[in-house]
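This report refers to the structure that appears directly beneath it.
The values are calculated or read from the model by the stated rules, or taken from the named source; none is laboratory data. Note that the coordinates shown come from a computational prediction; the quantities given were computed from them, not determined experimentally. We place every Cβ from the backbone using ideal geometry, glycine too, and count neighbours over all the protein chains shown. Note: accessible area is taken over every heavy atom of the protein model, side chains too, but ligands, DNA and RNA are not part of it. Shrake-Rupley method; radii C 1.70, N 1.55, O 1.52, S 1.80 Å.
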Amino acid sequence: MSRIGRMPVPVPVGVEIKVADDNTVTVKGPKGTLTQRFHPEMRLTQDESGEWTVTRPNDQKEIRSLHGLTRTLFNNMVVGVTAGFTRDLEIQGVGYRAQLQGKQLVMNLGYSHQVVMEAPQGITVEVPAPTKISVSGCDKQAVGQFAANIREKRPPEPYKGKGIRYAGEFVRRKEGKTGAKKK
């Protein structure tokens, strides 16, 4: 049996969970509301202590693979509405910087124009320093996707290391060209 799938999901105080007949789960908490529809074979049940567990009906390969996934997605929903998720990015390069103008993220990344990105609904973007960007929200997938979209505008290059990278990301550096070969 799945080790992750068997683990119960603790629900903090102030979080409401509703499971509809079509296995659509709505989790409501202080940071927002998340809704997701899970596979119809997976069963989410609440025990006497208030913890939720995910059970599967049989040991078919597809159902086994969905067991741990369903539990992890459900747990991410509970964590998201209580604590939220944050993804930090760093900008490296001479003249590369970011600033916030209203809800728009405006970045100078060495192009002839500024790169302007609008934060999607439910995502908060902060720029604590000109070379640091913080993306936060209650939906883990949406936060990660928007951070990846920002990084995509100028990924770190391997020769000088310039570009946008995740905080703590290691960029393997390459050696540049050397002088002309002798014959």
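Worth pointing out:
- Among residues of segment 73-95, those that are open to solvent by 20 Å² or more (accessible area, probe 1.4 Å) and either over 29 Å from P30 (Cα atoms) or part of a strand (DSSP E or B) (or both), counted: 9
- One residue stands out among those in segment 36-48 that are open to solvent by less than 90 Å² (accessible area, probe 1.4 Å) and part of a loop (DSSP other than H, G, I, E, B): the one that is nearest to V143 (Cα to Cα), which is F38.
- Search result, residues across segment 14-35 that are part of a strand (DSSP E or B), open to solvent by 60 Å² or more (accessible area, probe 1.4 Å) and either in contact (Cβ under 8 Å) with a residue 40 or more places away in the chain or over 18 Å from M77 (Cα atoms) (or both): K28, T33
- Counting only residues that are open to solvent by 20 Å² or more (accessible area, probe 1.4 Å) and not in a strand (DSSP E or B), segment 97-137 holds 12 of them.
- Among residues of segment 44-89 being in contact with an Asp or Glu (Cβ under 8 Å, 6 or more places away or on another chain) and touching a residue at least 40 places away in the same chain (Cβ under 8 Å), the one that is farthest from P8 (Cα to Cα) is F85.
- If you filter segment 143-167 down to residues that are open to solvent by 30 Å² or more (accessible area, probe 1.4 Å) and among the aliphatic types (A, V, I, L, M), you find that the one that is farthest from N75 (Cα to Cα) is A167.
- Yes/no for R165 being of a type in the set (K, R), more than 27 Å from Q36 (Cα to Cα) and not in a loop (DSSP other than H, G, I, E, B): yes
- Restricted to segment 49-58, and to residues there that are more than 24 Å from the chain's Cα centre (by Cα) and at pLDDT 90 or above, the residue that is surrounded by the most Cβ atoms within 10 Å (Cβ to Cβ) is R56.
- Restricting attention to segment 168-183, the residues being among the β-branched types (V, I, T) and either open to solvent by less than 90 Å² (accessible area, probe 1.4 Å) or closer than 30 Å to F74 by Cα (or both) number 1.
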